[in-house]
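The next block holds one structure in the form of structure tokens; read it before the comments.
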Amino acid sequence: MLNFIIRRVAVAIPTLIILLVASFWLMQTAPGGPFTSERPLPAQVLANIEAKYGLDQPVYKQLWDYVVGIVTQFDFGPSYKYKDRSVNDIIAQGFPVTLTYGIISFLVAIIVGGALGVSAAIRQNSWLDYFAVGVTIGAQVLPNFVMAPILILVFTLWLGWLPGGGWNGGQWQHIIMPVIALSTSYMASIARLTRSSMLEVLRSNFIRTARAKGLPDNVIIWRHALKPSLLPVISYLGPAFVGMVTGSFIIDFVFGTGGIGYFYVNAAFNRDYSVMMGLTILLGSMTILFNMVVDILYAWIDPKIRL
Amino acid sequence: MNDRLVQPFQQPKTREIAERIAEDVKGRSLWADARRRFVANRAAMVSVVVLTLVVLFSLFGQFLSEYDIETPDWDVLGNVAAAGKPSIANGHYFGYDEYARDLYNRVIQGSRISLAVGVIGALVAVIVGTIYGATAGFIGGRVDSIMMRLVDIFMSIPYMFVLILLLVVAGRSITMIFVGIGLTAWLDMSRIVRGQTLSIKNREFVEAAIAIGVPTWRIIIRHIVPNLLGVVVVYATLLVPQMILTESFISFLGLGVQEPFTSWGALLSEGTKTMNYGMLWQLAFPLFFFVVTIFCFFFIGDGLRDALDPKDR
């Protein structure tokens, strides 16, 4: 087990370093510095300002200072476009929003998807099973950027039940559609995974033994079949997490929820390099670490993986 | 072939029977077998037909229309919601978009770019991933573990961020999308191919090739890769919709294809903005083509998997 953890960490660390160096290097090669403008500053003034912000240092020194700033003070530096806003302010403003609908979506995807998959497998070839299979096939062509406009069209424009956007301090009406849009395709994938693994488990020997000794069906399912059939879902949590982080760009873009994706996409349009880099490194390292934890968790639960 | 086999048995009767048997049980190759199974799969066959129609539409559809993708109709501009509805009579089959341009031609243009991104992206993934994976798997040992560790590392980088960074720094263009998608698409492929290679490389025919001194690269190209083809074809078909989805994602945010060109993602994004004004057709037509195409690729991929890899069922 320890061996596996070490091996997994040995992948995560270079990944983090590559992410850091790659995004820093991309920002460095981007045309135009933070203080270049249409009316150029006198060279001496520019040099003074750059010295103040450490931009006259060699690149590796800048990178080092940046990393030290993040690690020791959680300081992602200033924005290059908005003078009254640092990357930290943006994180503080957008992160709670993204986290709120992200966590709810994550839970919805796991719980609804798992329940759908398990019940479809228990009643294989019933209408419930066909419904579940239909949903999983349909959801493949309904990624979040297709779901979101359709939801607005139906629930806001036609039925008028829900507000078409905004956040409003996280009122429940404003959370419903982002959660549905974000979670549907992952819910479907989880349902497909649990269905097929549950079918496999139900055919295995130890379930037959349990049947043979006369256990009632619900005990077999709850006590014996459920746990092993939910295992593959754990390995899917990593990709689902990544998908939801990137999916939040779409959610914030369509619903105007003002989460971190809104700032990221805006920064991409404004070429606000420091914000982009800060958010990339924050969200990127979060996904890398999450994936690592999930992998280790999976190996801990299922020893076959450690090999 | 048959004659030579039959020759030793010169008795007229046995020969006759042998000929008849040879006729009846004409050997079926793996591929003929797979084709038979694929053709029997109704969903996959329908998908092939529909997909062919979509491709033909994107290639030749423009000849049915007298308009182009960028000229606005000044009479309609400003009043598109009321005057820009789809109509067969005036030749704007799909109506106008919000800048009073002909939507029919824009959908054709968008389909072209989206399909091209999907197919070319998958192609790059296939070529690079196959060669990389086959090499790593066949050579094995330390080279293999270094090569695959590298893939592990690249795979755990959340590539959507890197793709967006790349597009912002290097300028938003379709070329950069190709580069960015191509950079990451081959990773999965190389893993799958490596796994398959490991199972092939200890077979007798590879041993025979090693024994008579065929160079390594030649064994990989001539003996390993052709035997991987089934898996590669299946996975490549499933990769195409993924590529299309990625490109659409980027273009939906406005970071991908730039005006006057467009893609399904960009068209959907525009449609989302104008559906408030009742211009539903601007969302409906791109959505239709998008959904239909993705569906087709999934069904074809599934059909190919069932056909080429029967033990997977």
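The values are calculated or read from the model by the stated rules, or taken from the named source; none is laboratory data. Please read these numbers as outputs of a predicted model, since none were measured by experiment. Ideal geometry is used to build each Cβ from the backbone, glycine not excepted, and the neighbour counts take in all protein chains shown.
Taking region B:258-286 as the range and being crowded, with 24+ Cβ neighbours inside 10 Å and over 16 Å from A:V265 (Cβ atoms) as the test, the residues that pass are B:T262, B:S263, B:W264, B:L267, B:Q282, B:P286. One residue stands out among those in region A:147-185 that are among the small types (G, A, S) and at pLDDT 80 or above: the one that is farthest from A:A109 (Cα to Cα), which is A:A148. The residues in region B:109-127 that are polar (S, T, N, Q) and either within 8 Å of the chain's Cα centre (by Cα) or over 14 Å from B:F289 (Cβ atoms) (or both) can be counted, and the count is 0.
You will find that of A:L289, A:L237, A:L279, the residue that is within 30 Å of A:L26 (Cβ to Cβ), within 11 Å of chain B (Cβ to nearest Cβ) and surrounded by 18 or more Cβ atoms within 10 Å (Cβ to Cβ) is A:L279 and no other. Inspection of region B:172-186 finds a residue satisfying the criterion of being in contact (Cβ under 8 Å) with a residue 24 or more places away in the chain, under 26 Å from the mean Cα position of the chain (by Cα) and farther than 30 Å from B:I69 by Cβ. Has region A:69-79 got at least one residue that is at pLDDT 75 or above, closer than 20 Å to A:F249 by Cα and in a helix (DSSP H, G or I)? The answer is no, given that none of the residues of region A:69-79 is at pLDDT 75 or above, closer than 20 Å to A:F249 by Cα and in a helix (DSSP H, G or I). The residues listed here are A:G113, A:G164; of these, the one that is under 29 Å from B:E247 (Cβ atoms), touching a Phe, Trp or Tyr at 6+ places or on another chain (Cβ under 8 Å) and not in a helix (DSSP H, G or I) is A:G164. Taking the criterion of being at the interface with chain B (Cβ under 8 Å from one of its Cβ atoms) and either without any contact (Cβ under 8 Å) to a residue 60 or more places away in the chain or over 16 Å from B:L283 (Cα atoms) (or both), the residues of region A:151-163 that qualify are A:L153, A:L157.
Whether any residue in region B:143-163 is crowded, with 20+ Cβ neighbours inside 10 Å, more than 14 Å from chain A (Cβ to nearest Cβ) and over 25 Å from A:G238 (Cα atoms) is what I want to check. No, because not a single residue in region B:143-163 is crowded, with 20+ Cβ neighbours inside 10 Å, more than 14 Å from chain A (Cβ to nearest Cβ) and over 25 Å from A:G238 (Cα atoms). Taking region B:277-301 as the range and being closer than 26 Å to B:R172 by Cβ and at the interface with another protein chain (Cβ under 8 Å from one of its Cβ atoms) as the test, the residues that pass are B:L283, B:L287, B:F290, B:V291, B:I294.
Cβ-Cβ contacts under 8 Å between residues 6 or more apart (or on different chains), taken from a first residue in region A:164-178 that is of a type in the set (S, T, Y) to a second residue that is assigned to a loop (DSSP other than H, G, I, E, B), are absent.
A single entry from A:Q124, A:Q93, A:Q173 fulfils the requirement of being surrounded by fewer than 18 Cβ atoms within 10 Å (Cβ to Cβ) and in contact with a Pro (Cβ under 8 Å, 6 or more places away or on another chain): A:Q173.
Quick check on my filter: what residues within region A:249-261 are within 16 Å of A:T100 (Cα to Cα) and within 11 Å of chain B (Cβ to nearest Cβ)?
A:F249, A:I250, A:D252, A:F255, A:G261 - these are the residues of region A:249-261 that are within 16 Å of A:T100 (Cα to Cα) and within 11 Å of chain B (Cβ to nearest Cβ).
Inside region A:110-136, residues that are within 14 Å of chain B (Cβ to nearest Cβ) and either free of Cβ contacts under 8 Å to residues at least 12 places away in the same chain or more than 30 Å from B:T272 (Cα to Cα) (or both) make up a count of 1. In the set (1) buried (at least 19 other Cβ atoms within 10 Å of the Cβ); (2) under 25 Å from A:L142 (Cβ atoms), the condition left unmet by A:I221 is number (2). Is it true that some residue in region A:137-151 is outside any helix (DSSP H, G or I) and of a type in the set (A, V, I, L, M, F, W, C)? Checking region A:137-151: at least one residue is outside any helix (DSSP H, G or I) and of a type in the set (A, V, I, L, M, F, W, C). Can you find a residue that is buried (at least 16 other Cβ atoms within 10 Å of the Cβ) and part of a loop (DSSP other than H, G, I, E, B) anywhere in region B:100-115? Within region B:100-115, one or more residues are buried (at least 16 other Cβ atoms within 10 Å of the Cβ) and part of a loop (DSSP other than H, G, I, E, B).
With respect to (1) within 29 Å of the chain's Cα centre (by Cα); (2) within 17 Å of A:L116 (Cβ to Cβ), the lone exception for A:A181 is condition (2). Quick check on my filter: what residues within region A:127-138 are surrounded by 21 or more Cβ atoms within 10 Å (Cβ to Cβ) and either in contact with a Pro (Cβ under 6 Å, 6 or more places away or on another chain) or of a type in the set (A, V, I, L, M, F, W, C) (or both)? The one that is surrounded by 21 or more Cβ atoms within 10 Å (Cβ to Cβ) and either in contact with a Pro (Cβ under 6 Å, 6 or more places away or on another chain) or of a type in the set (A, V, I, L, M, F, W, C) (or both): A:A132. Looking at region B:250-257, can you tell me whether even one residue there is farther than 25 Å from A:W25 by Cβ, modelled with pLDDT of 85 or more, within 12 Å of chain A (Cβ to nearest Cβ) and surrounded by 22 or more Cβ atoms within 10 Å (Cβ to Cβ)? Looking through region B:250-257, at least one residue is farther than 25 Å from A:W25 by Cβ, modelled with pLDDT of 85 or more, within 12 Å of chain A (Cβ to nearest Cβ) and surrounded by 22 or more Cβ atoms within 10 Å (Cβ to Cβ).
Does A:G284 satisfy the condition of being over 12 Å from A:I234 (Cα atoms), touching a Pro at 6+ places or on another chain (Cβ under 9 Å) and at the interface with chain B (Cβ under 10 Å from one of its Cβ atoms)? Yes, satisfied. Considering the conditions (1) within 14 Å of another protein chain (Cβ to nearest Cβ); (2) buried (at least 19 other Cβ atoms within 10 Å of the Cβ), B:G95 is excluded by exactly one of them, (1).
Is it the case that A:R271 is more than 25 Å from B:P158 (Cα to Cα) and either facing another protein chain (nearest Cβ under 9 Å) or among the basic types (K, R) (or both)? The answer is no for A:R271. Given the structure, is B:V48 β-branched (V, I, T), modelled with pLDDT under 60, touching a helix residue (DSSP H, G or I) at 6+ places or on another chain (Cβ under 7 Å) and surrounded by 11 or more Cβ atoms within 10 Å (Cβ to Cβ)? So B:V48 fails the test. When region B:59-68 is filtered for residues that are in contact with a Gly (Cβ under 9 Å, 6 or more places away or on another chain) and under 12 Å from B:Y96 (Cα atoms), only B:Y67 remains. Of the residues examined, B:I131 is one that is in a helix (DSSP H, G or I), more than 28 Å from B:V54 (Cα to Cα) and away from every other protein chain (no Cβ under 14 Å).
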